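The block underneath contains the structure these notes are about, expressed in structure tokens.
The values are calculated or read from the model by the stated rules, or taken from the named source; none is laboratory data. For clarity, every value in this text was computed on a predicted model and none was experimentally measured. Reconstructed Cβ throughout: ideal geometry from the backbone, glycine too, with neighbour counts over all protein chains shown.
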Amino acid sequence: MQLTGRAGVSEFRERIRWMAFVAVVGVSLLAARMFFVQIMRGEKYRREAEENILRMISIPSTRGIVRDTRGRVIAANRPAYNVYVVPRWITRRMDQVFPKLAEYLGLSRDERDRMEARIRSIDGRRRDQYMLVRADIDRETLAILDTHKDELAGVSVIATPLRTYPFGTLAAHAIGYINEVSAEDLEAHPGEGYRAGDRIGRMGIERAWESILRGRRGWVRVDRDHRGLILSSREEIQRFGADRRQDPVPGRDLVLTLDMELMRATERAFAQRAYPSGAAAVVEVRTGRVLALYSRPALDPNEMTMGVSLPRLRELSNPRGTRPLVDRAIYEMYPPGSTFKPITAVAALNAGVIDPGEQIRCIGYITRGNRRFRCAHGHVHNQVNLESALIQSCNVYFFTAGEAATMNRIHRAALDFGLGRRTGIGINSEAGGFIPTVEWYNRVWGNFRRGYTLNTAIGQQNTRTTVLQLALAYAALANGGTLYVPQLIQRVTAPDGSTLQEFPPTVRRRIDVNEGHLALIDRALRGVVADPRGTAHLVDMPEVSLAGKTGTAQVSRTLREGEDARLAADHAWFAGFAPADNPEIAIVVLVEHGGSGGSEAAPVAAQVVRDYFTRVRPGVPIESVQRANARGQRDRARQQRARVAPHRRH
Amino acid sequence: MAIERGIREQFDWGLFVVVCVIATIGVVNLYSATSSLAGARGELYVQQIYWLALGSGVAVIVAAIDYKYYERYAYVGYVGSIFALVAVFVLGQSIRGTQRWIQIGSFQFQPSDFVKLTTAVAIAKRLSMDSHVEKWTLRDLIAPGLLLAGPVLLVLLQPDLGTAMIVALVSLTVLALAKLERRTFWILAISGIVGGFLMWSFGLKAYQKERLTSFWDPEKHKLDSAYQAVQSLIAIGSGSVFGQGFMKGTQNQRHFIPDPFTDFPLAVWAQEWGLVGVLALLGCYLFLILWALNIASTAKDRFGSAIAVACAGLFFWHVIFNVGMVASVLPVVGVTLPMFSYGGSSVLTMMIAVGLLMNVSMRRSTF
């Protein structure tokens, strides 16, 4: 049945063979491409496929807890309940869900409208993400939301740890606070695992001990789908192995040397006298441990941690305001005034230019050049030796002694006692203070004048120290000449309470000073309180034998219009130690613009010391308190009989 | 009838088996591809079985009727399919900005799929009718050219670039059987190049161009036009040698492959079965194409040979474009993988082609 008139298939055959060739080549090329993608690039695409379905979720670590020396919690974490909505879910049934949410949250009409507008304005990918609508709701609101959770589709309450400071403003400068990392922080700490949203220590111990307190975040890689929704269940996540999950390492805890009871007593002493600003430091004489580090007014770390608004921050840091952010105990510098006189005495005694028993005559002033340098309040002390000059704070005696010692020797003695140099407490920016020298005056003021030495000898003019420096110097005066590095951290502990690291006291230097000279000075310092002529005799008390020195730091300030006249008043100092015969603590109190040290600062210090020995640490020092009291009375009766410097261990 | 008995003896088992294998793994793959979907879309593999069953029935009918009748009524079929294409614009539904579908009852079909065959068959008739032994000149090409131009333009208007391309390529494959005069060949070659250039410069819209070129560097376009291509590549590549296992392909299970039924089922297959599975499937297709070409070269007449070539071309170009698209060597144009992709029109068209091949194959030795 050959069809005629048509050409046969045979002439197609060559073409069909070509087609077969093309088909083989074409399909082979596809196979080669598949081989390339699946074998040569298989590893790369396998990783990408894995990244597609896994999402790394970080698990925050809990920040270490900070406790005081008796284990009272100063900084801890509590769960804060935040309310989130997923805009896409909630807008689907906005009319039903949102009014209820607003009602349960107790929003005003205005707040409600604003929040609704905010939720509706979200677009793009963020519509599927959690959006914070209310932070840190109270327990009552939490309970209400929980009860009605079935009505609140698209609303979630998520607990996140929040840093909390139970003592509030107390010791706030030393403790510091934390808040969210900034872009600059992220740049400044590369490779340390910080991420947007993390918290970072901002001040005080929270900042300085950040790496210890922080811990290490953990992570878990959970399953997700193409929209990024998480598919892994809670149970699955718990079962994940090490390749999918790493538990966070909690931060380590700190035990401080601070005693919050003593801090409270300090606060009380300032508050009762309504002093708006000032500072105090209490250190253990034989360890350098800081028991109290007080600065007033203070910030509230709870407020700072929640985040403050810009206007509030401006208010807090306004240099003409109360400046609560400034740490007056270690950052602010003041002329030490007469509290510096023991240092001048040491310089003169070391140089051998004065005989402590020798009396000189005070006529109320001495004249150098065409200037008269006077005793305070126009006092005339008549015949004074070193001891009675310290007791009565006679400037003329120390003008003479200082001049004999020379400025540079005073400078050296001050530095020996740790004044004019940073103490190394290791938190915040610490001020160095300043003790001038002849060279400094020559360089900066053009030429040196004899009067400068006189001002330095009584701690005025360009002499600058911090409250903490002075406390450590007085501790050295009290302990026989050992200068300690101030210690704020007693130990680092694991979350289970076991000690990881204990910090022993650190001696900074043994001061080159004759023990007999020191004993003489200490006796005089006791006289300042105990002797009826003493500038702080007002605060002599039966409970504790307090020794110390009053001081008044001259403030030379021209008041601006409308400023409080008080701001031109001098700062009041008291620096001392107790008990006088067997010193345990050294204390320094500064009342800004308080005026006279004897009448303003000394009562604060005395109250703190009394509280310390009678209320804060009852039992521990009682024996020495009683002994001191007994001796105090004897001393008064015997009117300053010479005592042998008894227990100098250092 | 003696002829009919003869035909039964000539049943083409090779063709039958390879088509069964492809269709079966297609259904298996669809089962996995749809397993993670809820509702009606999760049952798509069942639908596919229905389509395959219906397609087999149609294929039996197509194979049973002697193809000389097709030759006789080729132009009728051609004109009918042109009407269907026009009807798309009148009755059709617009889906995502293109008009491709006609709804008949619950059955949606895409006339442009059938046009691939009707046009090729019409051209095959034109080719086999030609009795003179001279090589073809340009004048001889006018008639097939016009036959081809109509449906291609109509499909382009929908617009459906991929299908238009397949319609053209299948018919051109048939035309490639004709011997051309040397001069004609060169004129065609040069005008093809110039025309392509002009088309690129003036005929295509910017988004079409981007779609066509983004495959060169799919990573660069990760979230827009080449998202599908990138996710498809990730699926294939992560399959490696043996694949991640049946029902375990993460790209599909987590819905990263945008269209795992019609355009990208091979990506699902490649991730779950690896290079081994891919090569097996490609082997089946190569076997099918070569088998079809063998039928063509042993057909009893020119028309039979030409329609066998048309079917081979249909499979070949679909495979090339679909696999090329899935593997990011060709642009993403919606071209299905024969008998493997989900889709009524596609499955029916392919099964008709199988029926035609069977038809020609069984009638090879009947004289």
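Suppose we filter B:L175, B:L141 for residues that are over 25 Å from B:G334 (Cβ atoms) and touching a helix residue (DSSP H, G or I) at 6+ places or on another chain (Cβ under 8 Å); which single one remains?
B:L141
Is one or more of the residues making up region B:264-271 at the interface with chain A (Cβ under 7 Å from one of its Cβ atoms), in contact with a Ser or Thr (Cβ under 6 Å, 6 or more places away or on another chain) and buried (at least 24 other Cβ atoms within 10 Å of the Cβ)?
no
Looking only at region A:256-313, count every residue that is under 17 Å from A:D611 (Cβ atoms) and small (G, A, S) and tell me the total.
Going through region A:256-313 one residue at a time, the tally reaches 7.
Do you know which residues across region A:23-72 are of a type in the set (V, I, T) and within 16 Å of B:L279 (Cα to Cα)? Steps first, please.
So the first thing to find is which residues in region A:23-72 are of a type in the set (V, I, T), and the list is A:24-25, A:27, A:37, A:39, A:53, A:57, A:59, A:62, A:65-66, A:69.
Residues satisfying the conditions are A:V24, A:V25, A:V27, A:V37, A:I39.
Report yes if A:L483 is within 20 Å of the chain's Cα centre (by Cα), modelled with pLDDT of 90 or more and within 17 Å of A:A347 (Cα to Cα), otherwise no.
When the stated conditions are applied, A:L483 does not pass them.
With the structure loaded, tell me whether A:R78 is loosely packed, with under 15 Cβ neighbours inside 10 Å, more than 7 Å from chain B (Cβ to nearest Cβ) and touching a Leu at 6+ places or on another chain (Cβ under 7 Å) or whether it fails that test.
Working: loosely packed, with under 15 Cβ neighbours inside 10 Å: yes; more than 7 Å from chain B (Cβ to nearest Cβ): yes; touching a Leu at 6+ places or on another chain (Cβ under 7 Å): yes.
Criteria met by A:R78.
Suppose we filter region A:270-308 for residues that are assigned to a loop (DSSP other than H, G, I, E, B) and free of Cβ contacts under 8 Å to residues at least 24 places away in the same chain; how many remain? Before you say what the answer is, go through the steps one by one.
To start, the set of residues in region A:270-308 that are assigned to a loop (DSSP other than H, G, I, E, B) comprises A:273-277, A:285-288, A:297-300, A:307-308.
With free of Cβ contacts under 8 Å to residues at least 24 places away in the same chain added as a condition, the list becomes A:274, A:308.
Residues meeting the conditions: 2.
Residue check, B:F246 against (1) within 11 Å of chain A (Cβ to nearest Cβ); (2) within 22 Å of A:E48 (Cα to Cα), all met but one. Which one?
(1)
Hey, can you tell me all the residues within region A:415-458 that are under 30 Å from A:A172 (Cβ atoms) and not in a loop (DSSP other than H, G, I, E, B)?
A:F434 - this is the single residue of region A:415-458 that is under 30 Å from A:A172 (Cβ atoms) and not in a loop (DSSP other than H, G, I, E, B).
Considering A:S108, A:S10, A:S28, which residue is away from chain B (no Cβ under 14 Å), of a type in the set (G, A, S) and farther than 22 Å from A:D128 by Cβ? Don't jump to the end; show me each part of the working.
Numbers: A:S10 fails: away from chain B (no Cβ under 14 Å); A:S28 fails: away from chain B (no Cβ under 14 Å).
When all the criteria are applied, what remains is A:S108.
Within region B:1-48, restricting attention to residues that are outside any helix (DSSP H, G or I) and either modelled with pLDDT of 90 or more or hydroxyl-bearing (S, T, Y) (or both), which residue is farthest from B:Q251 (Cα to Cα)? Spell out the reasoning first.
Taking region B:1-48 as the starting set, the residues that turn out to be outside any helix (DSSP H, G or I) are B:1, B:10-12, B:35-38.
From what is left, the residues that are either modelled with pLDDT of 90 or more or hydroxyl-bearing (S, T, Y) (or both) are B:12, B:35-36.
Values: B:D12: 38, B:S35: 13, B:S36: 11 Å.
So, considering only residues that are outside any helix (DSSP H, G or I) and either modelled with pLDDT of 90 or more or hydroxyl-bearing (S, T, Y) (or both), the one farthest from B:Q251 (Cα to Cα) is B:D12.
So B:V309 fits all but one of (1) buried (at least 24 other Cβ atoms within 10 Å of the Cβ); (2) among the β-branched types (V, I, T); (3) assigned to a loop (DSSP other than H, G, I, E, B); (4) facing chain A (nearest Cβ under 10 Å); what number is the exception?
(3)
Taking region B:286-306 as the search range and keeping residues that are touching a residue at least 24 places away in the same chain (Cβ under 8 Å) and at the interface with another protein chain (Cβ under 7 Å from one of its Cβ atoms), which one is surrounded by the fewest Cβ atoms within 10 Å (Cβ to Cβ)?
As a first pass, look at region B:286-306 and keep what is touching a residue at least 24 places away in the same chain (Cβ under 8 Å): B:287-289, B:291-292, B:295-296, B:298-306.
Filter again for at the interface with another protein chain (Cβ under 7 Å from one of its Cβ atoms), leaving B:289, B:296, B:299, B:301-302, B:305.
Working: B:I289: 26, B:A296: 30, B:A299: 24, B:D301: 21, B:R302: 25, B:S305: 31.
By that ranking, first place goes to B:D301.
Residue by residue through region B:312-342, note down the ones that are without any contact (Cβ under 8 Å) to a residue 60 or more places away in the chain and either facing chain A (nearest Cβ under 8 Å) or hydroxyl-bearing (S, T, Y) (or both). Spell out how you get there, then give the answer.
Looking only at region B:312-342, we keep the residues that are without any contact (Cβ under 8 Å) to a residue 60 or more places away in the chain, and these are B:315, B:319-320, B:322-324.
Scanning region B:312-342 gives B:V319, B:I320, B:V323, B:G324.
Could we say that B:R254 is at the interface with another protein chain (Cβ under 10 Å from one of its Cβ atoms) and touching a strand residue (DSSP E or B) at 6+ places or on another chain (Cβ under 9 Å) here?
Values: at the interface with another protein chain (Cβ under 10 Å from one of its Cβ atoms): yes; touching a strand residue (DSSP E or B) at 6+ places or on another chain (Cβ under 9 Å): yes.
Yes, satisfied.
Taking helices (runs of 4 or more DSSP H) that do not extend beyond region B:127-198, which have at least 1 residues that are among the acidic types (D, E)? If you could, list the steps in order and put the result at the bottom.
Numbers: elements: B:138-157, B:161-175, B:182-198.
Result: B:138-157.
Only residues that are part of a helix (DSSP H, G or I) and either in contact with a His (Cβ under 7 Å, 6 or more places away or on another chain) or over 19 Å from B:P111 (Cβ atoms) (or both): list them for region B:312-352, please.
Filtering region B:312-352 for residues part of a helix (DSSP H, G or I) gives B:312-326, B:344-352.
Answer for region B:312-352, where residues must be part of a helix (DSSP H, G or I) and either in contact with a His (Cβ under 7 Å, 6 or more places away or on another chain) or over 19 Å from B:P111 (Cβ atoms) (or both): B:A312, B:G313, B:F315, B:F316, B:V319, B:I320, B:F321, B:N322, B:V323, B:G324, B:M325, B:V326.
Restricting region A:501-513 to residues that are loosely packed, with under 13 Cβ neighbours inside 10 Å and touching a residue at least 24 places away in the same chain (Cβ under 8 Å), which is farthest from A:A389 (Cα to Cα)?
It comes out as A:T506.
Could we say that B:L356 is in a helix (DSSP H, G or I) and more than 10 Å from chain A (Cβ to nearest Cβ) here? Even if it seems obvious, please write down each step before you answer.
On the way: in a helix (DSSP H, G or I): yes; more than 10 Å from chain A (Cβ to nearest Cβ): yes.
When the stated conditions are applied, B:L356 passes them.
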